[in-house]
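Okay, here's the structure, questions in a sec.
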Amino acid sequence: MREVTSWRSGVSDPADFPYSAVLAEFQLVGKHFVKKELLALLDEIRSHVAAPSGRAATPGGTDPARLLRDFLDVALDKWNGHYDYRSYLALRLLRLPCAADGPVTDPTADPAGARRDSDRLFLRLVADALAFELAAGAGATDLLPEQRPGPETVAKRYRLGVRAAAPALSRLAPGRAVDDREPAVAAATLHTLTTADLAGDEERELRLSMLPVYVTHDEYLFIRVLQAYECVFAGLADELRGTVAALSAGHASTAAGRLAYAREQLTAAGPLFSLLATMQPESFRTFREYTEGASAIQSRSYKLMESLCRTPDGARLDSAAYRSVPEVRDRLLAGQPSVDAAYRAAVRADRLAGADRARVEQEMREFSAAVLQWRRTHHRLATRMLGSRPGTGYTQRRRRDRPVGPPLPGPLLRHPLTPAAPPTNTGGCPE
Ligand code: HEM
């Protein structure tokens, strides 16, 4: 508080904002319990932060005013009544590197840069989750001190985290695999490798994106795993947009390649679910008391990914699943294209035939199967964590009268050669 008051009474340069002091105050008690005086002061500061100036802290870095506004938006979400899944995960601060929100990808554009950025962010998030476990295990941090897990659980986390990170690591640094025979050493090595070339801005944004609602140890893991999945979904949306563009331009091989890459990403991220399954259910129940209002049903990246596969039918579009992501819903109502529609159009126009067509169909089926697998695993994990309790706060608040369970699996991309199957439950929000 003292640091903030003193910054406020000086030049108030956004580049010198006392982030560390504010972060420490938030993490000491959890976002839900921060003192009103500090929140009011930060709110007052936010009202004076100028619009982004275009000035970069470092070449290619983040504009200081923009960073401060984004941080304050995230920090003050509960205070201002804007708290939701995206602000809980501080997604704006993470700056998901993929072009999921941008214009439709040029089919001839090289996706290598976006893929590399995505891999780097994914690795930072997973490695940071493990670094927190290492620090807590060594007694080197007071952060989130409640309900520390036992050594066996922590060792499992090291193993699963390293496994989840391995494919991205080998793409970024071929030949630099982490030997995971000694889990703690492997986790530490992964952290060293991923932080070696971190720019100052990236390091700071990573730190600022950890604003748990309470002080339970496992919330750190929960936040980082969800953020890592957001990174994956944003990347998948990018690949699917590239697939649509490639199909529309008659580039069958590019389309198949992008679908295959998307499938590999989703499958490779599988160990993240196993990692999160090590979360102690009682810890989850403790901190979720304070997450009401934030639910993954509000994940824009996931819905973008899903809707880029195939345009949802009217009932799903009108369900809470899509009404929770109005920006995505608006795009769909405005005619956002999908892989399914682009495939059909290409076949009708004779742009896709023979072996090319067979390959694209095969990749569509395989991507669809990977999404189905994701949903099944999600369902299992959610059931394990929730038990017989009602669903997450968001849905619970909206539909108190109905039992709420985790999402059930359903088909996503229907088989391109067979007539549409009647939709089963395709969503994460039971209607
Ligand atoms: C503790 C573990 C988890 C539990 C208990 C859980 C529970 C749930 C529940 C109950 C829903 C239904 C919507 C609602 O009631 O708000 C849901 C939806 C969803 N969850 Fe999870 N989940 C967990 C982990 C994850 C993870 C790691 C991800 C990865 C990003 C994820 C992504 C999603 C998505 C995208 C939806 C929305 C699906 C749709 O609207 O079709 N969940 N989850």
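The values are calculated or read from the model by the stated rules, or taken from the named source; none is laboratory data. These numbers were taken from a predicted model, which means no experiment stands behind them. Please note: Cβ atoms are built from the backbone with ideal geometry, for glycine as well, and neighbour counts cover all protein chains shown.
Identify all residues within region 7-27 that are closer than 17 Å to residue 49 by Cβ and of a type in the set (Ser, Thr, Tyr); write none if there are none.
9, 12, 19
OK, next. Just one of 270, 314, 293 is free of Cβ contacts under 8 Å to residues at least 60 places away in the same chain and of a type in the set (Gly, Ala, Ser); which is it?
When all the criteria are applied, what remains is 314.
With the checklist (1) in a helix (DSSP H, G or I); (2) among the β-branched types (Val, Ile, Thr); (3) in contact (Cβ under 8 Å) with a residue 40 or more places away in the chain in hand, flag the one item residue 213 doesn't pass.
The one condition residue 213 does not meet is (1).
Could I ask something else about it? I need the full set of residues from region 172-184 which are among the charged types (D, E, K, R) and crowded, with 16+ Cβ neighbours inside 10 Å, in order please.
Residue satisfying the conditions is 180 alone.
Residue under question is residue 316, and the condition is that it be more than 21 Å from residue 211 (Cβ to Cβ) and basic (Lys, Arg); does it hold?
Criteria met by residue 316.
Determine whether region 132-142 contains at least one residue that is closer than 29 Å to residue 240 by Cβ and in contact with a Phe, Trp or Tyr (Cβ under 7 Å, 6 or more places away or on another chain).
no
When you scan region 265-360 for helices (runs of 4 or more DSSP H) that lie fully inside it, which ones turn up with 3 or more residues that are within 11 Å of the ligand (Cβ to nearest atom) and not β-branched (Val, Ile, Thr)?
Once the helices (runs of 4 or more DSSP H) in region 265-360 are filtered for at least 3 residues that are within 11 Å of the ligand (Cβ to nearest atom) and not β-branched (Val, Ile, Thr), what remains is 271-276, 281-287, 300-309, 320-323.
Out of all the residues in region 127-150, which are within 10 Å of residue 221 (Cβ to Cβ) and assigned to a helix (DSSP H, G or I)?
Residues satisfying the conditions are 129, 130, 132, 133.
Yes/no matrix, rows are residues, columns are (1) among the aromatic types (Phe, Trp, Tyr); (2) in contact (Cβ under 8 Å) with a residue 24 or more places away in the chain; (3) under 21 Å from residue 27 (Cβ atoms); (4) not in a loop (DSSP other than H, G, I, E, B):
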| position | (1), (2), (3), (4) |
| --- | --- |
| 223 | no, yes, yes, yes |
| 238 | no, yes, no, yes |
| 242 | no, yes, no, yes |
| 255 | no, yes, no, yes |
| 261 | yes, yes, no, yes |
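Also, I was wondering about something else. Residues being of a type outside the set (Ser, Thr, Tyr), crowded, with 19+ Cβ neighbours inside 10 Å and either farther than 19 Å from residue 85 by Cβ or within 15 Å of the chain's Cα centre (by Cα) (or both): count how many of those fall in region 274-297.
So the count comes out to 5.
Do we have residue 308 as out of contact with any Gly (no Cβ under 8 Å at 6 or more places or on another chain), in contact (Cβ under 8 Å) with a residue 40 or more places away in the chain and surrounded by 20 or more Cβ atoms within 10 Å (Cβ to Cβ) here?
When the stated conditions are applied, residue 308 passes them.
Restricting to region 164-201, give me the number of residues that are among the charged types (D, E, K, R) and in contact with a helix residue (DSSP H, G or I) (Cβ under 7 Å, 6 or more places away or on another chain).
Total meeting the criteria: 4.
Which of the following residues is more than 30 Å from residue 307 (Cβ to Cβ) and either away from the ligand (no atom under 16 Å from the Cβ) or modelled with pLDDT under 95 (or both): 214, 158, 220?
158
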